[in-house]
Amino acid sequence: MFDKNAKWIWINNDPQPNEYAVFEEKFNFDGGKVTFTICAEMDYVLEVNGKKVSFGNFAGYPFEKYYDELDITEHCVKGENTIALTARYEGVRTHIHIVNGAGAIYTLAVDGNTVAYSHAGTMGGYDNRYIQNTKTFVSGQMGYGSDMRVGDYVCDIPCVEVNMTSNLKPRPVKKTVELPFVEAKLIDKDKNLYDIGRETAGYLRVKFKVTKPGKAKIGYGQHITDGGVRYNIWDREFAFNFELTEGEHEFEQYFIRMSGRYIQAFLPEGIEVLSVGIMPYIYPLTENGLKLDNELDQKIYDVCIRTLRLCMNMHYEDTPWREQALYVLDSRNQMLCGYYTFKETEFARASLELIANGARPDGFLELTYPSVDGPAIPFFSVMYPVEVYEYIKHTGDKTILEKAMPTMLKIMNNFKEKIEDNNLIRQFNAPYWNFYEWTDGSHDAIPHQRNYEYKDCFHLILNCAFVYSGKMFLELCEMTGDKFECDFDAVKKAIKDEFFDERDGNFVLRTDDRSFKSQLGNSFALLIGLGDERTVQAVKSDKNLLETSLSMLIYKYDALLAADPNNKEFILNEIRELYGYMLDHGATTFWETMEGEADFGGAGSLCHGWSALPAYYYHLFNK
C-alpha cells in the first residue's frame with residue numbers, strides 16, 4: 001500500500017509531450033519482503049539493480065487510477081540496492097488514454113515498513129535512454145511512439161508535487177506474463193527483412209553493432225505484401241527509432257506494445273542488427289480446450305483462441321496492432337467467446353466496469369475506453385446492457401450491477417426519450433456516429449473527419465437493437481428493483497410498419513434510401529420476433545442482401561438458430577468457407593474484414609478480436 005505521506009510528483013511544473021522522467025531510490029536490504037507500490041499517470045518501467053522487473057500501468061481516469069503492488073524481494077541483494085522508476089508523460093489524448101498531466105506516486109516498503117516514498121524533494125531526472133519529446137504518431141488511436149538512444153540518466157532534480165487524484169485502486173486484473181523470446185529470422189539480407197513466424201504481440205528487443213554513429217529505424221507490420229514491411233501507412237508509423245554511438249548496444253522497449261509478424265531494419269552505413277525479435281507477453285488464462293473431429297474446424301478453433309489471446313492486454317483490444325482499444329461491441333464478441341473458451345471471468349468484469357466508469361456527460365458511451373470526446377456510436381451504447389446481461393448469465397455475479405446499472409439507466413432513458421410519435425427512434429445527429437458495420441449503408445461517416453451531411457431518416461438496426469437490448473435490460477431491472485417502462489411492442493410494430501417490404505419478406509435498412517437491405521438488418525428483425533420464413537431464407541441465401549461483415553456474424557447466426565436449430569449445419573459450412581479462406585491465404589490470426597490487409601486504405605488488421613466468433617459456436621455445438 002501507499003504510505004500516507006506519499007505524493008504525486010514530477011521533475012518539473014511544465015511537462016512537455018513524450019517526456020520521460022526517472023526517479024531513483026537506494027536502500028539497504030538485510031532480509032524480509034520488499035514491496036513497491038506504484039501508480040503512474042500513464043506507463044512506467046521499474047528496474048531493480050539495473051534489471052527490469054515490471055512495467056505497464058492499468059489505464060484509468062482522471063478521477064480514478066489503478067496501482068500495482070509488486071513483490072520485488074527476489075530482485076534484491078544483501079546490502080545496497082538501487083530502484084529506478086521511469087515514467088512517461090505522453091501529453092496527447094488518444095483512444096486508449098486520457099491526458100491528465102504528468103505524475104507518479106510510489107512507496108517502497110520492507111515487511112510493511114516504509115523505506116521510501118515519493119514526495120516534493122525526491123530526486124529525479126530526465127531519462128536520456130529515451131529520445132525526449134518526439135511527436136511521431138504510431139497511430140491516432142495509440143498516440144506517440146517511443147524512441148530510444150544510447151544514454152543514461154542522472155537524478156539531480158528535486159521533484160515537485162503535482163495535483164492528481166487520491167482515488168487509487170488496485171489493478172483489477174492480473175499483469176501479463178512473459179513468454180520465451182522469439183528471435184526473428186532474417187529472410188532477406190538486402191532488405192534487412194525478418195520473419196517472426198506468425199502474428200505475435202509483445203515488446204521489441206534489438207541488438208545493434210555500430211562502427212559509425214548514426215540513426216536506425218526498426219519497422220514492424222503484419223505482412224510483406226509490398227515486398228517489405230508496410231510500417232508507414234498514411235499518418236501512422238509502426239516503427240521505433242534509435243540514436244546510436246559506436247559499440248554494441250541492446251535495447252528493450254516496454255512503452256509501446258507492438259504486434260505483427262514481420263520486422264524490417266532501416267540502417268545507415270556502419271550499423272548492423274545482431275539480433276531482433278519480440279518478447280511476447282500474454283494475459284494468464286486457463287483454456288478450457290476443445291477437441292473437434294473435423295480437421296479444418298480444429299484449425300479454425302485454435303486460431304480463434306490465439307486471436308482472442310493476442311487481443312487481451314490490460315483490457316480487451318480490438319487489435320493489438322493498429323489501435324489496442326476497448327470498444328463496447330467488439331468486446332461483446334470477445335467476452336462471449338471467453339465465457340466458453342477460458343475459465344477466468346475477472347477480465348470481462350474489469351472491462352465492463354471500465355466502460356461503466358467512463359460514461360459521457362450526455363449518458364452515452366464513448367467510442368473507446370478509456371478516452372473522452374470521441375464520436376459516440378449510439379448502436380454500441382444501446383448494446384451495453386446485452387454485455388452485462390450475458391456476463392451475469394455466464395458468471396452468476398450480479399454485483400456488477402452496482403457499477404453498471406446507473407450507466408445503463410442513462411443509456412436506455414436516452415433512447416426512450418428519442419422515441420417519436422411514430423414509435424421509432426430517428427438517427428442521431430452530430431457529434432454521434434451512426435455506425436453498425438463496415439458495409440454499404442451501415443457505416444455512415446464520422447462527422448468530424450469527413451464532409452458528411454446527415455440525412456433525416458430512421459435506421460432499422462438502431463430500433464431493433466433498442467428492442468433486443470431492452471428485453472434483457474428489463475430483466476436486469478428486476479434484479480435491482482429499478483423501474484424502467486417502455487412499450488417495446490409498440491416499437492416492434494412500428495418497425496414492421498416502416499421497414500418491412502411485403503413483396504419479398506425483407507426489411508429495408510434505412511428510410512432515406514429504401515434500396516439498402518442487409519443480412520444484418522434482417523437478422524436483427526428476426527431476433528426481435530419479426531419477419532417470416534422468407535426473411536430467414538433471404539438471410540441465408542439472397543444475394544441482393546448486403547452480406548454481414550465478420551464483426552456482426554453473431555447476430556446472423558443467432559437469428560438463424562432461433563428460427564431453426566437445424567441451421568447449425570449452414571452456420572458451420574459458412575464458417576468453414578469464410579475462415580478457411582483466411583487460413584488458405586496465410587492467416588495465423590483472423591482478420592478484421594474479409595478484405596484483409598487491403599481494407600481501410602491498406603490498414604486492414606490481420607488480428608482482430610471480433611473475428612474469433614467461431615470459437616463460441618464450436619463450443620455451443622459441442623456441449
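With a probe of 1.4 Å, find how much accessible area the range 259-378 has per residue, and write the answer as a whole number in Å².
Accessible surface, normalised per residue, equals 28 Å².
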Study note, to complete from the structure: Measuring from its Cα centre, the range 137-176 shows a charge dipole (+1 at each Lys and Arg Cβ, -1 at each Asp and Glu Cβ) which, in debye to the nearest 20, is 440 debye
Revision key, fill the gap. With label points set 7 Å from each Cα along the Cα-to-Cβ direction at K623 and K26, the distance between them in nm comes to 6.5 nm
Check your understanding: With r defined as the distance between the Cβ atoms of E498 and D373 and R0 fixed at 35 Å, what FRET efficiency is calculated, to the nearest 0.05?
Key -> 0.60
Study note, to complete from the structure: For the range 509-520, Karplus-derived ³J(HN,Hα) couplings (6.51, -1.76, 1.60; θ = phi - 60°; whole Hz; x for glycine and proline) come out as 7, 7, 8, 7, 8, 7, 7, 7, 9, 9, 4, 5
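How long is the gain from R576 to H119 if the chain were fully straight, where each residue apart is worth 0.36 nm and the alpha carbon distance is subtracted?
158.6 nm
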Revision key, fill the gap. Plugging the Cβ-Cβ distance of D456 and D156 into 1/(1 + (r/R0)^6) at R0 = 41 Å yields, to the nearest 0.05, a FRET efficiency of 0.05
Check your understanding: In the neighborhood of G521, defined by Cβ-to-Cβ distances under 11 Å, what is the net charge if each Lys or Arg adds +1 and each Asp or Glu adds -1?
Key -> +2
**Study point:** Theoretical gain in end-to-end length, D513 to Q537 [0.36 nm per residue, Cα-Cα removed]
**Key:** 6.3 nm
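Nearest 0.05, what FRET efficiency do E248 and T395 give at R0 = 60 Å with Cβ-Cβ as r?
It comes to 0.70.
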Check your understanding: Say each of R426 and D293 gets a label point 7 Å from the Cα, pointing the same way as Cα to Cβ; how far apart are those two points in nm?
Key -> 5.6 nm
Review point. If you put +1 on each Lys and Arg Cβ and -1 on each Asp and Glu Cβ, how big is the dipole of the range 1-62 around its Cα centre, in Debye rounded to 20?
Key: 260 debye
Practice item. For the range 523-615, report the accessible area per residue in Å² (1.4 Å probe, heavy atoms, rounded to an integer). Key: 36 Å²
Revision key, fill the gap. Counting only protein heavy atoms with a 1.4 Å probe and every protein chain in place, the carbon and sulfur fraction of the accessible surface of the range 189-310 in whole percent equals 43 percent
Review point. Which angle from 0 to 90°, rounded to the nearest 10, does the C-alpha axis of helix 568-584 make with the longest principal axis of the chain?
Key: 40 degrees
Practice item. Name the lysines eligible as straight-distance cross-link partners of K493: C-alpha to C-alpha under 21 Å, and not fewer than 8 places from it in the same chain. Key: K416, K418, K471, K517
Review point. Expressed in nm to one decimal, what extension gain is obtained for the pair D188 and H443 from 0.36 nm per residue of sequence separation less their Cα-Cα distance?
Key: 87.8 nm
Point to revise | Lys, Arg +1 and Asp, Glu -1 on Cβ, resulting dipole of the chain about Cα centre, debye, nearest 20 | key: 500 debye
Practice item. Excluding residues fewer than 8 places away in the same chain, name every one of the lysines whose C-alpha is closer than 20 Å to that of K7. Key: K26, K65, K169
Revision key, fill the gap. Farthest towards the positive end of the dipole of the chain, among A356, T211, G396 and with Cβ unit charges of +1 on Lys and Arg and -1 on Asp and Glu, lies the Cα of T211
Check your understanding: From the phi of every residue in the range 63-68, what ³J(HN,Hα) in whole Hz does the Karplus formula 6.51 cos²θ - 1.76 cosθ + 1.60 yield, where θ is phi - 60° and glycine or proline is x?
Key -> 9, 7, 10, 10, 10, 10
**Study point:** Whole-number percent relative contact order across the chain, with pairs defined as alpha carbons under 8 Å at least 6 apart
**Key:** 12 percent
Practice item. With the full set of protein chains in place, find how many percent of the accessible area of the range 482-559 is carbon and sulfur; take the probe as 1.4 Å. Key: 43 percent
Review point. What relative contact order, as a whole-number percentage, does the range 338-388 give when Cα pairs under 8 Å and 6 or more residues apart are counted?
Key: 23 percent
Check your understanding: Could you name the aspartates and glutamates in cross-link range of K540, using Cα to Cα under 20 Å and dropping any fewer than eight places away on the same chain?
Key -> E437, D440, D501, E502, D504, D532, D558, D564, E569, E574, E577
Practice item. Using a cut-off of 12 Å between beta-carbons, work out the net charge of the residues near V491 (Lys and Arg +1, Asp and Glu -1, V491 not included). Key: +1
Check your understanding: Taking the convex hull of the alpha carbon atoms in the chain, what volume per residue do you get, in Å³?
Key -> 163 Å³
Practice item. State, to one decimal in nm, how far the label point of K135 lies from the label point of D111, with both points 7 Å from Cα in the Cβ direction. Key: 5.3 nm
Practice item. Averaging sequence separations of C-alpha pairs under 8 Å and six or more residues apart, then dividing by the length of the range 516-583, give the relative contact order as a whole percent. Key: 35 percent
Check your understanding: Counting DSSP beta bridges in the chain, what percent are antiparallel, to the nearest 5?
Key -> 95 percent
Check your understanding: With every protein chain present, what is the per residue accessible area of the range 126-228 (1.4 Å probe, Å²)?
Key -> 49 Å²
Review point. Going by average Cβ neighbours within 10 Å, how do the peptides 54-67, 317-330, 532-545 rank, with the highest at the top?
Key: 317-330, 54-67, 532-545
Study note, to complete from the structure: In deg cm²/dmol, rounded to the nearest 500, the helical mean residue ellipticity at 222 nm of the chain, built from -39500 (n - 2.57) for every DSSP H run of length 4 or more, is -8500 deg cm²/dmol
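The values are calculated or read from the model by the stated rules, or taken from the named source; none is laboratory data. Worth saying up front: this structure is predicted, and the values here are computed from it rather than measured. Cβ sites come from the backbone with ideal geometry, for glycine too, and all protein chains shown count toward neighbours. Note: accessible area is taken over every heavy atom of the protein model, side chains too, but ligands, DNA and RNA are not part of it. Shrake-Rupley method; radii C 1.70, N 1.55, O 1.52, S 1.80 Å.
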